[in-house]
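Contents: one structure, followed by commentary.
The values are calculated or read from the model by the stated rules, or taken from the named source; none is laboratory data. As the structure is a computational prediction, the values presented were derived from the model and not from experiment. Neighbour counts are summed over all protein chains in view; Cβ atoms, including those assigned to glycine, are modelled from backbone coordinates with ideal geometry. Note: accessible area is taken over every heavy atom of the protein model, side chains too, but ligands, DNA and RNA are not part of it. Shrake-Rupley method; radii C 1.70, N 1.55, O 1.52, S 1.80 Å.
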Amino acid sequence: MTEQLQLDSGMIRISDDVVAKIAGMAALETPGIAAMSGGLSEGWAKRLSGKNVQRGVTVEVGQLEAAIDLRIIVLYGTPIHEVSRMLQQNVREAVESMTGLKIVEVNVKVEGVAFKDDEV
């Protein structure tokens, strides 16, 4: 789906993939996040980083608002509730500032914990 804004000078369209990529990049830049999770539906919670940041991100974009779901793996020893709140804030700010959409919710599902020495 594509977000579409009607302006006096024309129309602006923002694809769901663009919103998902912005959210994924903001998530990976959040301290305490080890990786995005591909989800259990892909077999065994395949963990992904950098290259494929849209994995672990689902977006629903409306006319002027969007909702974002994130599936993450956190670093062991980090307070999950604090990392999750910071993640929600970082993703909301990044997407709102880059797209002009109002983010109505950022849902976080922690699917795993990684040790610093783990390959994620």
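Structure data summary
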quantity	calculated
Positions within segment 77-102 being under 15 Å from Glu60 (Cβ atoms) and in a helix (DSSP H, G or I), in sequence order	Val91, Arg92, Val95, Thr99
Wholly enclosed strands (runs of 3 or more DSSP E) of segment 7-76 bearing at least 3 residues at pLDDT below 90 and open to solvent by less than 60 Å² (accessible area, probe 1.4 Å)	10-15
Test result for Glu105, assigned to a strand (DSSP E or B) and surrounded by 14 or more Cβ atoms within 10 Å (Cβ to Cβ)	no
